[in-house]
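Below is one structure, written out as C-alpha cells; comments come after it.
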C-alpha cells in the first residue's frame, strides 16, 4: 500500500503532526506531545515475523488488538519495539490482500482517539479550538 494515503489520514486529525526520528529511521505521529502512530521498515536482520516488513504501529485497545492478531495473523503483530498489549504493528504490504484497507483507516482513527482521550481536558480544548 502507498503510505502517502495513510500519512494523509493520520495527519487529517486535529492537532496531528509528524516528525522524523533519525535515530530509528521512523516517522512518528503526535497529538498533544503524545505519540499515536509510527511508520518504519524493519531491517532484514531482525527476528521474524518483523524482518524486512514495512509497517505502521498504532495504539489499540488490548482486547481488540488480541482479536485482530488472531483474525489477521499474517498482517497484524504485537507492536515492534513497543508495548505489544496496547500497540499493534500492521504489515503495510498485506493491506489490500490479507487485510482490508478500510480497517487500517479505522485503526488509524482509533489510535488517534485513544491518545487524544488521555490528553488533559485543557489540551483537548486547545486542539479542538485550533481546528475550527
TODO: Residue by residue through the range 81-98, note down the ones that are farther than 22 Å from residue 18 by Cβ, in contact with a helix residue (DSSP H, G or I) (Cβ under 9 Å, 6 or more places away or on another chain) and either modelled with pLDDT of 95 or more or not in a loop (DSSP other than H, G, I, E, B) (or both).
DONE: none
Open item on the list: If I go through the range 1-33 residue by residue, how many of them are surrounded by 14 or more Cβ atoms within 10 Å (Cβ to Cβ) and either under 17 Å from residue 102 (Cβ atoms) or touching a residue at least 12 places away in the same chain (Cβ under 8 Å) (or both)?
Closed with: 17
TODO: Specify which of the listed residues (107, 114, 92) is in contact (Cβ under 8 Å) with a residue 40 or more places away in the chain, under 22 Å from residue 25 (Cβ atoms), in contact with a strand residue (DSSP E or B) (Cβ under 6 Å, 6 or more places away or on another chain) and surrounded by 14 or more Cβ atoms within 10 Å (Cβ to Cβ).
DONE: 92
Open item on the list: Going by what's in this entry, would residue 36 be described as assigned to a strand (DSSP E or B), in contact with a strand residue (DSSP E or B) (Cβ under 9 Å, 6 or more places away or on another chain) and free of Cβ contacts under 8 Å to residues at least 24 places away in the same chain?
Closed with: no
Task: the range 47-71, residues that are in a loop (DSSP other than H, G, I, E, B) and more than 16 Å from the chain's Cα centre (by Cα) - done: 47, 48, 49, 51, 52
TODO: Kindly indicate whether residue 58 is modelled with pLDDT under 95 and in contact with a strand residue (DSSP E or B) (Cβ under 8 Å, 6 or more places away or on another chain).
DONE: no
TODO: Answer yes if at least one residue in the range 73-80 is touching a residue at least 24 places away in the same chain (Cβ under 8 Å), in contact with a helix residue (DSSP H, G or I) (Cβ under 8 Å, 6 or more places away or on another chain), over 15 Å from residue 13 (Cβ atoms) and in a helix (DSSP H, G or I), and no otherwise.
DONE: no
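The values are calculated or read from the model by the stated rules, or taken from the named source; none is laboratory data. Please read all numbers here as calculations on a predicted model, not as lab measurements. With ideal geometry, Cβ positions are generated from the backbone for all residues, glycine too; neighbour counts draw on all protein chains shown.
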